[in-house]
Amino acid sequence: MPITILHNPRCSKSRQTLALLEEQGITPVVREYLNDPLTSEELETLISKLDLTAAALVRNKEDEFKEAGLDLKSSSDAEFIAAMVKYPRLMERPVVINGDKARIGRPPEQVLEII
């Protein structure tokens with residue numbers, strides 16, 4: 001199964017993570033999630049692979065966080081997932097997926113745990 005990176009080429013951490021994978025001799029499948037957003041089912045699977053809550057995958061400082069009416073303490077996983085489907089920019093980036101495991105590349109070296 002190929003390694004996949006959920007990538008935003010405008011994000012420096014995303015570019016650094018992609019470069020780190022390539023330095024390791026890995027040519028991942030690159031999915032630019034802003035142009036090819038994840039479905040709610042894909043996000044549920046991703047959250048499970050990350051072993052995190054949906055809230056931990058949300059960028060809460062983005063304007064869309066407020067637009068979506070989200071609250072870190074009271075919003076449900078379903079509400080966070082629906083917001084990330086509607087506003088893909090809310091998803092933390094980058095994310096590297098290898099089989100049944102995934103890691104957020106913050107810092108980029110964290111993704112090496114699943115390689």
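The values are calculated or read from the model by the stated rules, or taken from the named source; none is laboratory data. Note that the structure is predicted; figures quoted are calculated from it, not measured. No Cβ is skipped: glycine too gets one built from the backbone with ideal geometry, and neighbour counts run over all protein chains shown.
Structural remarks
- Identification of helices (runs of 4 or more DSSP H) wholly contained in the range 1-85 with 2 or more residues that are surrounded by 19 or more Cβ atoms within 10 Å (Cβ to Cβ), modelled with pLDDT of 95 or more and of a type in the set (S, T, N, Q) yields 12-23.
- Among the residues of the range 82-115, those that are among the aliphatic types (A, V, I, L, M), in contact with a helix residue (DSSP H, G or I) (Cβ under 6 Å, 6 or more places away or on another chain) and closer than 14 Å to residue 44 by Cα comprise 83, 84, 85, 91, 102.
- Within the range 90-115, if we keep just the residues that are in a helix (DSSP H, G or I) and either outside the structural domain of residue 17 (by TED's automatic domain parsing) or of a type in the set (A, V, I, L, M) (or both), the residue that is surrounded by the most Cβ atoms within 10 Å (Cβ to Cβ) turns out to be 111.
- With respect to the conditions (1) in contact (Cβ under 8 Å) with a residue 40 or more places away in the chain; (2) farther than 21 Å from residue 113 by Cβ, residue 96 lacks only one, and its number is (2).
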